[in-house]
Each structure stands twice: as structure tokens, then as C-alpha cells.
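Novice: Submitted below is the structure of interest, expressed as C-alpha cells.
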Amino acid sequence: MTEWWDTAVIYEVYPRSFSDADGDGVGDLRGIIDRMPYLASLGVQGLWLTPFQRSPQVDQGYDISDYCDVDPLFGSLDDFDEMLSAAHGHGLRVLVDIVPNHTSCEHPLFLAALASPPGSPERSMFHFSPGRGPGEGEAPNNWISVFGGPAWHRAHPASTVDTDWYLHLFSAAQPDWNWENPAVTEYFDGVLRFWFDRGVDGIRIDVAHGLFKAPGLPDSPTVPTVIDGLRSNPLAMDQEPVHEVYRRWRRLADGYTPPRLLVGEVNLEPERAARYTRPDELHQTFAFAFARLGWDAEAWMTAGRKLDQARRSIGGDPSWALENHDLVRTVSRFGGGLRGALRARAALVALLGLPGAAYVYQGQELGLPEVDVPLEERADPMWHQGGVSRDGARVPIPWAAAPSGTHGFSPSAGTAGSSRPWLPVPEGWGELSVEAQAADASSTLSLFRAAAARRAELHATGVFSARESATWSLEAAGLLSCRRSGGVTVLVAMGDDAVRLPAGELLFASAPVVDGFLPADAAAWVRTG
Ligand code: BGC
């Protein structure tokens, strides 16, 4: 049995930077409503919205203080309902982001915990623990946070009586829930039902491999290793009981008609990540196999094979992702400039040709590069705490070609009293704008639309189908090849020279194929079987 998501292309909307309808410099739900015709024109099947729930915005919304309300910065629940029905009216499904590993230090349950004494039931919703050393002035263990610095914060730094610390794997404004406490499980059942009852089609689960920690929170014997760019402490992630949560959520999601989609952000090696998509757990986890690789055919082949091997042992189609709001834009990752742009186009076409689902990030369809956001304008807590900034991939979308203001991101920008966008839109981005690219048949936007339409057509005619397996190989001169079991081969020319394509019907290419040769830095889909 296949579901819509098995072969879907899902577009990630980062609401802060998508479209600002009220002119306060931050994107909002009404901006998404206004741009719904654009979203529908892309040819994708669904939208994933990163957090718009109530939040002090310390981690740009990944610190949620009310999981069942909309932050006034983005609008209201009524706006959400209108956005959802507009999306559905265009045949687009909508996923919302759920953050179950941690909350905001302004969540009422955390405030109640802070106001309650050590050992109280209120504190047992989180990981409170007395410190070590003289005056219990040292953290309870040696864990460090993903964003850098210790993973513990004193509950009441000035108190000599209350010497509890609380655990935060991310910033101190993001205390971790204690999933050993059944009240937390029940609380999240309610959160899921709230959104599913409202009609959302699925959820993206933030740090889905988190939630449970090693019993007793022991010291880490090693310095945490970096997996996929994030510091990962094996004692704080990927603990066995988390799978029971996803079995429970799967039953809950399957109880709806139609069933709701569960996609997890699982930053683990493929063989561990695959365990999250066992038949009674999540439907998908993002396949980040290529998300941090450079333009290197051999590395892609090895990663592709590893992923396919893990998948074969468990099942489940991969859900490819090359970009998101945490990753460096592909144009820049693949070398920048014209060459980087060509490679990013090729990678996008390759992504849409691979078997499984594909997630694309707003601006990827425009070929936006990473922006070197001026130091004083950087907003990412990871920058302030750990020296790594994700701001460069979060810059507002340029909509209008006019070489001034915010390129149409905010309507009133440039007029007296209007707000500047929360991150500056670079000068010169008019060329990359939706308006400019929509009018240019050779633009990245036009290529994306054509590729998405071709993909849909190939699915409709049975040339592409769900559950195809992939065989990765490396042909001569840096030609990466992925042969789908249905008979189509996806090829990416990652070497310096043009390469001869295998015999067969050319279905799609990111650049003109001349006399059977695919130029360097291009990708093609060829029906070979
Ligand atoms: C999100 C990040 C966020 C972190 C903490 C993630 O992996 O994608 O943007 O900072 O979780 O919630």
C-alpha cells in the first residue's frame, strides 16, 4: 500500500523569511496565504512549516512556550486555519513542526517547575538535578549543549537553598522534557491531536532521536562526536525507549482518516536512523546522506550505497533533503559562483529523480546562495553560543526584481516607520527574485517547475513508482549513477568534463545534452532499462 507521501515533493516554508504581509520585518501566516498561488505553481505536493507556535523566539521558534497557539508575530489560529484551507484548496498538504525534546523556559509548566521546590512533581516534568562539588556549584554531569557550552543551567543561580540545575541540550532557554514521566507522554498526545483535529496532514518531529537520555544521566566518557555537523552525545540521544513513543504516535496518526504523516529529523548514521522507520514507527526520516557532502562523486556513491543498505534491512523509501534552515545553501557548498549555481541545479534535478520523497527548502528553487550575514546582524543562538551561524540560509526570500528595499519581502519597507527585515536581504538579489526568474525560461525556478512537473508525469505514467530500489555506481570521469529498479538511471556529471550518457531515452536534464553528452556539473534522467 502506498501513500501520497511516499513519492511526494514537500517544500519547507521558514515562515520568518518567507513573506511579510504586515510589514514588521518578519514573515507571517498571512504572507503565506498571499503567496499560496506561487506555492501551488511549483508543482510540489506538500508544505512543511517550521515553528510558528507561541515562542519567545530565542531559537527562532524552536523554543515553544505554547504548542497549541500561534505566536502573534506570525498571526493567529484563525490565520492558520485560513492558510490550511487555502493550501488544501490548492491540493497542497500541510505539515507542522513539533518540538518534543525541549520546550521554552517560558512554557507555563517550566515556570511552574521553577516555582516549585526540588523533588516536586512539577520539577519531574523536566530534568532537574542537584549540582556537584562545593555548594553544589558544578553541573550534575559533564554534558555539553549542541549549541556549545554546558548543557546545564542553575534553576535559581542566587539561591543557596535551591541548588537544582536543569538540563538543556540546546540553549538554556530550551529546557529538555523528562520523557520518563508519563505526564509528558500524555501532554504530547494532546498536542498531536490538537493539530491533527485541526486538519493538518502530518508533523515534522524536531530532534526525533532525542527525548530520552541514558538512565541516571551519567558523565560522558568521551568528548561528544560530531555527526552531520551537530555535536551528538550518545548518552543524550538515540535511547531505546524513544521507539515506544513513535509506536504510540504511529497508532495515533493511523487513527485518523486519512492517516497523518510522521517525518522525523534523525541526525544519526543511516543504520541507526533506519530503525526509526520500522513498519510500526515513523513513516519517514530525512535522508541527509548528501546534505553535508561537497561535489564529490565517490563520496556521494558511498553515502548512497550506505543509505540503501540500511534501508533494505528495514524498508521504507528515503526522504531526500539537500538543504534546510540548518544547512549551508548548496550553491555555496558546491563552490559558489556560476559553477556552484550549476551544480546546485544539477543536485536539485538529481534529488527529484531519485526514488522516494524529496524535501526542498524555500529559496532552493531560486538557487539562493548562502549569505555572509554581517556579524552584528546575526540572530542564531548557535552563533552566539558556539560560533556557528545558520543565519546565511535563513535570509528573506526576494520576491520583486526592483533593485531596492527588501525585494518585495515586506510591503512597506523603505517607507517611513517601516521595519527592516529581521535579517538583511542582500543588494543585488533582485536578479534572483521570483519575479525575475518567473520571466526567464532558463532560470533555476523554471528548471525546478519543469523537473517537478516531469517527475509527476513520470509517476502518473508508471515510469517512476514507489518502493523502487536504487543501485549506486561510479562511471568513468566522475559520473555518478543511480539506477532505479524501474529502469530509469539518474546521472550526475561531477567531474571536469562532459560525459557520454548511456543509451536510452533522455527524460530530463538540468543542462542541454548535445550529441549524447551531458556537460560537467549537470544531471540527467535516462530511461535505460
Ligand atoms: C532544528 C534547529 C533547532 C534545533 C533545536 C533542530 O534540529 O532544525 O533549527 O535549532 O533542532 O530545536
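We did not get these values from a lab; they are worked out from the coordinates using the rules stated. Everything quoted here is computed from the prediction, not taken from an experiment. Neighbour counts are summed over all protein chains in view; Cβ atoms, including those assigned to glycine, are modelled from backbone coordinates with ideal geometry.
Novice: Along the Cα→Cβ direction, 7 angstrom out, place labels at Trp4 and Arg272. What is the inter-label distance in nm?
Specialist: Roughly 3.4 nm, to one decimal.
Novice: Tell me, in nm to one decimal, what length is gained between Thr222 and Val513 on full extension, where the rule is 0.36 nm per residue of separation less the Cα-Cα distance?
Specialist: Fully extending the segment from Thr222 to Val513 adds 99.6 nm.
Novice: Want the number for Ser41 to Ala438: 0.36 nm per residue separation, take away the alpha-carbon distance, what's left?
Specialist: Gain on extension, Ser41 to Ala438, equals 141.9 nm.
Novice: Cα gyration tensor of the chain, axes a ≥ b ≥ c as square roots of the eigenvalues: rounded (a/c below 1.5), prolate (a/b > b/c) or oblate?
Specialist: Prolate is the answer for the chain, as a/c is 1.5 or above and a/b outweighs b/c.
Novice: For the chain, give me the percentage of DSSP beta bridges that are antiparallel, rounded to the nearest 5 percent. Spell out each step's value before the answer.
Specialist: Working: 38 of 65 bridges.
Of all bridge pairs located within the chain, approximately 60 percent are antiparallel.
Novice: Sticking with the crude label model, points 7 Å out along Cα→Cβ, report the distance from Ser120 to Arg467 in nm, one decimal please.
Specialist: Taking the two extended label points, one gets 5.4 nm.
Novice: Related question: For segment 307-349, what does the relative contact order come out to in percent, with C-alpha contacts under 8 Å and a separation of six or more?
Specialist: 20
Novice: Shape of segment 182-324 from its Cα gyration tensor (a ≥ b ≥ c, root eigenvalues): rounded if a/c is under 1.5, otherwise prolate when a/b > b/c, or oblate?
Specialist: Because a/c hits 1.5 or more and a/b fails to exceed b/c, segment 182-324 counts as oblate.
Novice: Grab the beta carbon distance between Gln385 and Glu457, set R0 = 51 Å, and tell me the FRET efficiency rounded to 0.05.
Specialist: Rounded to the nearest 0.05, the efficiency is 0.60.
Novice: For Gly264, list long-range residues whose amide hydrogen, built 1.01 Å from N in the peptide plane, is under 5 Å from its own amide hydrogen.
Specialist: So Gly264 has HN proximity to Ile205, Gln284, Thr285, Phe286.
Novice: Check which residues have an amide H placed less than 5 Å from Leu507's amide H, if you skip close sequence neighbours.
Specialist: So Leu507 has HN proximity to Trp525, Val526, Arg527.
Novice: Taking square-rooted eigenvalues a ≥ b ≥ c of the alpha carbon gyration tensor, is segment 1-147 rounded, prolate or oblate, where a/c under 1.5 means rounded and, failing that, a/b exceeding b/c means prolate?
Specialist: Prolate is the answer for segment 1-147, as a/c is 1.5 or above and a/b outweighs b/c.
Novice: Out of segment 391-475, which GluC sites (Glu not before Pro) are coil in DSSP terms and have no more than 16 other C-beta atoms within 10 Å? Working shown, then result.
Specialist: Working: sites: Glu427, Glu431, Glu435, Glu457, Glu468, Glu475; in loops: Glu427, Glu468.
Here the GluC sites (Glu not before Pro) that fit, given the DSSP loop and packing criteria, are Glu427.
Novice: Give me the percent of DSSP beta bridges within segment 1-124 that run antiparallel, rounded to the nearest 5. It would help to have the intermediate numbers written out before the result.
Specialist: Details: 2 of 10 bridges.
Of those bridges, close to 20 percent are antiparallel.
Novice: Based on the Cβ-Cβ distance of Glu377 and Ser404, what FRET efficiency does E = 1/(1 + (r/R0)^6) give at R0 = 25 Å, to the nearest 0.05? Don't skip to the end; give the middle numbers.
Specialist: Values: r = 19 Å, r/R0 = 0.75.
The calculated FRET efficiency here is 0.85.
Novice: Would you mind pulling out the separation of the Cα centroids of segment 125-167 and segment 50-124, in Å?
Specialist: If we compute the Cα centre of each part, the gap is 25 Å.
Novice: If I model a spin label as a point 7 Å beyond the Cα along the Cα-Cβ vector, how far apart are those points for Glu106 and Leu474 in nm?
Specialist: Modelled inter-label distance: 5.1 nm.
Novice: Whose amide H sits under 5 Å from the amide H of Trp165, counting only residues 5 or more places off or on another chain, with H placed in the peptide plane?
Specialist: Hits under the 5 Å cutoff: Ser129, Gly131, Ala155.
Novice: Moving on to the next point. Using packing as a proxy for protection, rank 343-351, 328-336 so that the peptide with the highest average count of other Cβ atoms within 10 Å comes first.
Specialist: Ranking, from highest mean packing down: 343-351, 328-336.
Novice: Let me know the charge dipole size of the chain about its Cα centre in debye, to the nearest 20, where only the beta-carbon of Lys, Arg (+1) and Asp, Glu (-1) is charged.
Specialist: Once rounded to the nearest 20, the dipole reads 1420 debye.
Novice: Cα axis of helix 77-89 to longest principal axis of the chain: angle in degrees, 0 to 90, nearest 10?
Specialist: Value to nearest ten degrees: 20.
Novice: First measure r as the distance between the Cβ atoms of Ala214 and Asp24, then evaluate 1/(1 + (r/R0)^6) with R0 = 51 Å and state the FRET efficiency to the nearest 0.05.
Specialist: After rounding to 0.05, the efficiency reads 0.70.
Novice: Mind jotting down the distance between the C-alpha centroids of segment 173-223 and segment 292-344, whole Å?
Specialist: For segment 292-344 versus segment 173-223, the Cα centre distance is 28 Å.
Novice: Now, a different point. Add +1 for every Lys or Arg and -1 for every Asp or Glu among the other residues with Cβ under 12 Å from the Cβ of Leu447, and state the total. Walk me through the numbers before you get to the answer.
Specialist: Numbers: positive: Arg345, Arg449, Arg454; negative: Glu365, Asp440.
The answer is +1.
Novice: Just for segment 141-265, what percent of DSSP beta bridges are antiparallel, to the closest 5?
Specialist: On the way: 7 of 11 bridges.
Counting only bridges with both partners in segment 141-265, antiparallel ones make up about 65 percent.
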